[in-house]
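The values are calculated or read from the model by the stated rules, or taken from the named source; none is laboratory data. Keep in mind that what you see is a predicted model, and the values were worked out from it rather than measured. Because the Cβ atoms are built from the backbone with ideal geometry, glycine has one as well, and the counts that use them run over all protein chains shown. Heavy atoms of the whole protein, side chains included, go into the accessibility calculation; ligands, DNA and RNA do not. Shrake-Rupley method; radii C 1.70, N 1.55, O 1.52, S 1.80 Å.
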Amino acid sequence: MKIIMMTFGMFLLAGMIHAQDTSSVDTYKIAFFSKDASGGFKKMKGKVVTNGDSIPTSFDLFIETASINTGNGMQNKHAASSEWFHSEKYPNIVFKGREVVSTDQGFMVSGKLTIAGVTKAVKLPLKISTDESQYLYQTKLTVDRADYEFGPKNKVSPSIKIIAKLSIKK
């Protein structure tokens, strides 16, 4: 009887492990807003792991800092410089989400956000929706630049609002 139960348990565990789906990000939009500059990033890549439905179990997202687009070429170049994102040294803003929980307001994802080489634990509200062909994820957050030690210490807005949207195919 023990052997039958152990065999059944191993098949069940193997099925649960196999039930996870890893999908590459299909489409995305990363927009930022402050009183001094607004824009977005043109390049992002990443993976989302789900349990075969719309609820993610993890995110691994990489936003290419040199792909910043403010609508002003000189401002883009300045933002990629060592005074701001230091794109040569830190080519990506990285988010690694490792826990998604349901709340009264929707979902919350906990993870680590790395900007300009500084990593902080974050909790982000997560809106999940779906259509016929894809799962859609959206979050809004405010980043205090001093927490991540990027940009000049004065003269510009101390915080940046970010809206991030991405989708994966079903």
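Of note:
- When each of K161, K89 is tested for being touching a residue at least 12 places away in the same chain (Cβ under 8 Å), within 22 Å of K45 (Cα to Cα), open to solvent by 60 Å² or more (accessible area, probe 1.4 Å) and under 15 Å from the mean Cα position of the chain (by Cα), the lone residue that passes is K161.
- The criterion of being on the phi > 0 side of the Ramachandran plot, touching a residue at least 24 places away in the same chain (Cβ under 8 Å) and under 18 Å from the mean Cα position of the chain (by Cα) holds for G117.
- Any hit, the stretch 26-36, residues being modelled with pLDDT under 90 and either touching a strand residue (DSSP E or B) at 6+ places or on another chain (Cβ under 8 Å) or not charged (D, E, K, R) (or both): no
- For T142: the one exception among (1) more than 18 Å from S82 (Cα to Cα); (2) buried (at least 18 other Cβ atoms within 10 Å of the Cβ); (3) out of contact with any Pro (no Cβ under 7 Å at 6 or more places or on another chain): (2)
- Among residues of the stretch 67-80 that are under 15 Å from I160 (Cα atoms) and at pLDDT 95 or above, those with a beta-carbon under 6 Å from a residue that is open to solvent by less than 70 Å² (accessible area, probe 1.4 Å) and in a helix (DSSP H, G or I) at least six positions away or on a different chain give the pairs I68/N76; I68/A79; T70/N76.
- Within the stretch 72-86, if we keep just the residues that are among the small types (G, A, S) and open to solvent by 20 Å² or more (accessible area, probe 1.4 Å), the residue that is farthest from the chain's Cα centre (by Cα) turns out to be G73.
- The listed residue being touching a Leu at 6+ places or on another chain (Cβ under 8 Å), modelled with pLDDT under 95 and surrounded by 12 or more Cβ atoms within 10 Å (Cβ to Cβ), out of T119, T130: T130
- Matching residues in the stretch 78-90 - criterion: being in a helix (DSSP H, G or I) and in contact with a strand residue (DSSP E or B) (Cβ under 9 Å, 6 or more places away or on another chain): A79, A80
- Residue count for the stretch 95-116, restricted to those that are open to solvent by 40 Å² or more (accessible area, probe 1.4 Å), assigned to a loop (DSSP other than H, G, I, E, B) and not acidic (D, E): 1
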